[in-house]
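Inspection log for the structure reproduced underneath, given as structure tokens.
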Amino acid sequence: MTEFNPWVKPLNRIISEPSPTGGKIEYEDFDCSTDVLSSLLYTLFQQNWHQVGVGHIVQGSVLELEFNAPPKLCILYDGYLTVAAEGWHLHLCIEANLGGPHCNTPLELRKQRQVSRAAFYRRFNAEGKPRSWGIQFWNGADEQLMTILLPNPLVEGENLLPEGKPDLSKLELYEELRDIYVLGNKPIPFHKNPLKHSYISVCTSSRCLPSQKWQPVYDALKTAVDKAGLDVEVRTSGCLEVCKLGPVVFYSEDRTWYTRVNPDVAEKIVNEHLVEGNKLTEHSYPPVSNT
């Protein structure tokens, strides 16, 4: 595992694109490695959810979403960051999407899905004045992914402020993040990847009948983890891609899936795998051959 580096190396790459209606968009590219993106996105969604919006902007269509409360979920699973808000959720591929326990995602598709370019941007009008600020992501096929909409000093709620009277305090988040991720003047404020805290999760998907018996498994995991004093989060999750073999448990630290887990097996998973480092081969998935 690569050691976490809190200093982002500047790319020193600025790209300007003319706007079809006059003006331009100025992009300042920055490192889009997993640790860097994880730190930035955690800062945005977990610590500054009340200041940011999420959008998808193309010619002829604009989608804008905002948070009304802290996200219910912010998790990295199989390369995808999942952020769940009240009534909506998002996925963004910031690491190789291997494709579940069988690693079914073809190599070319992995490259296409993952963020391959990221940039802070400013949109300028025809008079050369900046009008909006944000962060843009692209995938491996150079297609625009989601846009992070940062606070706009020219807007209050749904209304434009009077010309010449911007609320410049709203630029503080943009300037602080740009200083860290574009210019490299300050370190990332984490000592490790904030999205890679160890967790063990239980599938609660209704797709398969066995997984509906997840609660006793969850309780057993939680009790065993607490008793062992482990710094491992016990959580529930959606589909873990091993349908009809539930209850299914996933351990993030080494990407291990367990199937047909009952409370006794859950306790063994914690005591033998998480504590001692020995996997339970009889419940591992894909099945482990004894030959």
(request) Answer yes or no: is there a residue in segment 36-44 that is under 30 Å from Asp254 (Cα atoms), out of contact with any Cys (no Cβ under 6 Å at 6 or more places or on another chain) and surrounded by fewer than 16 Cβ atoms within 10 Å (Cβ to Cβ). (result) no
(request) For segment 91-111, name all the residues that are touching a strand residue (DSSP E or B) at 6+ places or on another chain (Cβ under 6 Å) and open to solvent by 60 Å² or more (accessible area, probe 1.4 Å). (result) His91
(message) All but one of (1) more than 19 Å from Leu76 (Cβ to Cβ); (2) open to solvent by 20 Å² or more (accessible area, probe 1.4 Å) hold for Val225; state the number of the condition that does not hold.
(response) (2)
(message) For segment 260-291, give me the residue count where each residue is of a type in the set (S, T, N, Q) and under 25 Å from Glu95 (Cα atoms).
(response) 1
(request) Return a yes/no flag: does segment 21-30 have any residue that is in a strand (DSSP E or B), among the acidic types (Asp, Glu) and open to solvent by 20 Å² or more (accessible area, probe 1.4 Å). (result) yes
(message) With the condition being within 19 Å of the chain's Cα centre (by Cα), I'd like the strands (runs of 3 or more DSSP E) fully within segment 163-258 carrying at least 2 qualifying residues.
(response) 199-203, 233-237, 249-251
(request) Answer with yes or no whether Arg122 is in contact with a Gly (Cβ under 9 Å, 6 or more places away or on another chain) and over 30 Å from Ser237 (Cβ atoms). (result) yes
(request) Return the only residue of Val83, Val58, Val62 being of a type in the set (Val, Ile, Thr) and either crowded, with 19+ Cβ neighbours inside 10 Å or in contact with an Asp or Glu (Cβ under 7 Å, 6 or more places away or on another chain) (or both). (result) Val83
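The values are calculated or read from the model by the stated rules, or taken from the named source; none is laboratory data. Fair warning: this is a prediction, and the values are worked out from it, not measured in the lab. Using ideal geometry, Cβ is built from the backbone for each residue, glycine included, and neighbour counts are taken over all protein chains shown. The area values use the complete protein model at the heavy-atom level, side chains included, leaving out ligands, DNA and RNA. Shrake-Rupley method; radii C 1.70, N 1.55, O 1.52, S 1.80 Å.
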